[in-house]
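Scroll down for the structure; my scribbles are underneath it.
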């Protein structure tokens, strides 16, 4: 077999593959997938996009559940309805639903943030008023309230501390408190009795005694860390 003919064919064949057949060279047309394979691939791509937006809609619906429903035992009928609703949606409609639900959830979180900010503003005002009443420097009182509870009147500690200044019920009883445990989680009540304990701690030795106890003789390591936190927090006010 002459070599020149295959070489001419190779030189004249643009964008073709070269194959070895029977010891010689020949140019062959590149393989293209059949038309039914191309159509199937396109359908798979379209289905993937559709499933993606349906999954987005399902995730948005699940995230839009109220907090008590998310923490409680899930209801089977709610989950089934949610899945069926999301699965029946076309891709474009699912996309719009996901955006709409996401916007509603953002708006709801914004309202929750406003309520929390209003609550903390009330705690800060109650803390400042109680500080003036008990003769505690306002900046120091605000710093202690910030470190103890973040100005949350209904804050509850892991060891039973309550209210703005995280005072225990037994400690408040020693100071003359006769109310209930829940009453210490009110802004005015918790601020009054907590500030009374803080004022006594400052007179007896320093802010660290509000954390460690009035009867402590010397500050522990945790009490020194607490005092340093309060000192840094004073710069905020």
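Out of 169, 200, report the one residue that is closer than 19 Å to residue 136 by Cβ and modelled with pLDDT of 90 or more. Quick ask: steps written out before the conclusion?
Values: 169 fails: closer than 19 Å to residue 136 by Cβ.
Of the residues listed, the single one that is closer than 19 Å to residue 136 by Cβ and modelled with pLDDT of 90 or more is 200.
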Odd one out for residue 235, checked against (1) within 30 Å of the chain's Cα centre (by Cα); (2) modelled with pLDDT under 90; (3) in a loop (DSSP other than H, G, I, E, B) | (3)
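Just to check your reading of the model, which residue among 133, 221, 139 is surrounded by fewer than 20 Cβ atoms within 10 Å (Cβ to Cβ) and without any contact (Cβ under 8 Å) to a residue 24 or more places away in the chain? If you could, list the steps in order and put the result at the bottom.
Values: 133 fails: without any contact (Cβ under 8 Å) to a residue 24 or more places away in the chain; 139 fails: without any contact (Cβ under 8 Å) to a residue 24 or more places away in the chain.
It is 221.
Among the candidates 202, 214, 167, single out the residue that is more than 15 Å from residue 130 (Cβ to Cβ), in the same structural domain as residue 229 (by TED's automatic domain parsing) and in contact (Cβ under 8 Å) with a residue 12 or more places away in the chain.
Working: 202 fails: more than 15 Å from residue 130 (Cβ to Cβ); 167 fails: more than 15 Å from residue 130 (Cβ to Cβ).
After applying the criteria, what remains is 214.
The values are calculated or read from the model by the stated rules, or taken from the named source; none is laboratory data. Model, not experiment: these values are computed from the prediction. In this analysis, Cβ positions are derived from the backbone assuming ideal geometry, glycine residues included, and neighbour counts consider all displayed protein chains.
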